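Q: Take a look at this one; I'll ask things after.
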Amino acid sequence: MEAPAARRRPAQRPVDAIMAQKERRIAPVTRSREQARRAYDRTSRWYDLLAGGIEARYRNAALEMLAAVRGDVVLELGFGSGHAVAALAAAVGRAGRVYGVDISARMVAVARSRAGSAGLAERVCLQQGDALRLPYQSAVFDKIFMSFVLELFDTPEIPAVLRECYRTLRPGGRICVAALSRQGGSRLMTRLYERVHEKLPQYFDCRPIYAQSALEQAGFRTLSRREMPLLGLCVELVLSQRSPAAVP
């Protein structure tokens with residue numbers, strides 16, 4: 001008589017795999033969109049004093065990576081006080097255009113004023129809006145730019161934002177993202193920062209994410225990536241491209 005087969009025990013997940021999954025968890029965004037809008041409205045006049053100096057080095061490096069040229073039609077999401085808008089408008093020349101969407105109406109006013117003071121108002125079209133639902137037709141932009149913006153969206157919203165970017169980019173168009181990263185930098189500092197973010201989201205609104213991975217999951221092809229240090233943290237600059245083939 002044949003012996004009964006031994007019962008198979010359910011496979012257990014290795015401890016290191018569980019730890020790896022926990023390590024990749026991104027801190028949640030706890031404040032609402034309305035709370036964010038009010039916060040940026042309140043700080044619009046003082047934003048450059050609060051964060052502008054810190055962000056400038058990384059923003060400029062990302063702009064150099066994007067490399068907007070004359071005639072480009074460019075979109076910036078979350079343009080804030082408008083430094084990148086002005087730089088992009090200068091780069092695209094009279095034949096180009098720079099569009100922008102920001103959640104804060106007062107930030108829109110500040111950025112418009114900056115573009116006007118630089119004599120670039122006729123090249124710039126800025127409006128209040130939400131990156132989850134961009135008010136543009138498909139395949140209209142040559143390039144898209146985001147600096148310390150993608151990580152402001154909650155984790156389930158990041159793919160939706162990038163789908164909108166993919167939709168509005170022309171085939172072969174490029175997107176450059178500068179974001180706090182969970183890759184690189186000090187693990188201890190990253191965890192400490194995430195704790196502070198969870199306790200004080202109104203002051204530390206950005207949190208580290210996986211920018212390159214998010215872009216690739218949205219269908220973009222990575223062209224180049226760079227890491228830059230920020231007080232023990234890491235800023236990830238990623239230049240990606242939409243498929244040159246048109247979507248059927």
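Q: As an exercise, use a Förster radius of 30 Å and the Cβ-Cβ distance of D154 and R225 to find the FRET efficiency, rounded to the nearest 0.05.
A: Taking R0 as 30 Å, the efficiency between D154 and R225 is 0.80.
Q: Just want to confirm a number: the relative contact order over the chain, from Cα pairs under 8 angstrom separated by 6+ residues, in percent.
A: Across the chain, relative contact order equals 19 percent.
Q: Compute the angle between helix 105-117 and the longest alpha-carbon principal axis of the chain, please, reported from 0 to 90 degrees and rounded to the nearest 10.
A: In the chain, helix 105-117 runs at an angle near 50 degrees to the longest axis.
Q: For segment 98-181, what does the relative contact order come out to in percent, with C-alpha contacts under 8 Å and a separation of six or more?
A: 31
Q: What are the residues whose amide H is under 5 Å from the amide H of C125, where those residues sit 5 or more places off or on another chain and H is modelled from the backbone?
A: Those qualifying (amide H under 5 Å, at least 5 residues apart or on another chain) are V98, Y99, G100.
Q: Do the sum for the chain: with -39,500 (n - 2.57) for every DSSP H run of n ≥ 4, divided by all residues, what is the mean residue ellipticity at 222 nm, to the nearest 500 deg cm²/dmol?
A: So the helix-based figure for the chain works out to -10500 deg cm²/dmol.
Q: Rounded to two decimals, what is the ratio between the C-alpha radius of gyration of segment 30-241 and 2.2 N^0.38 Å?
A: Against the empirical 2.2 N^0.38 Å value, I get 0.95 for segment 30-241.
Values in this text are rule-based calculations from the coordinates and carry no lab data. Note that the structure is predicted; figures quoted are calculated from it, not measured. Positions of Cβ are generated from backbone atoms using ideal geometry, with glycine treated the same way; all protein chains shown enter the neighbour counts.
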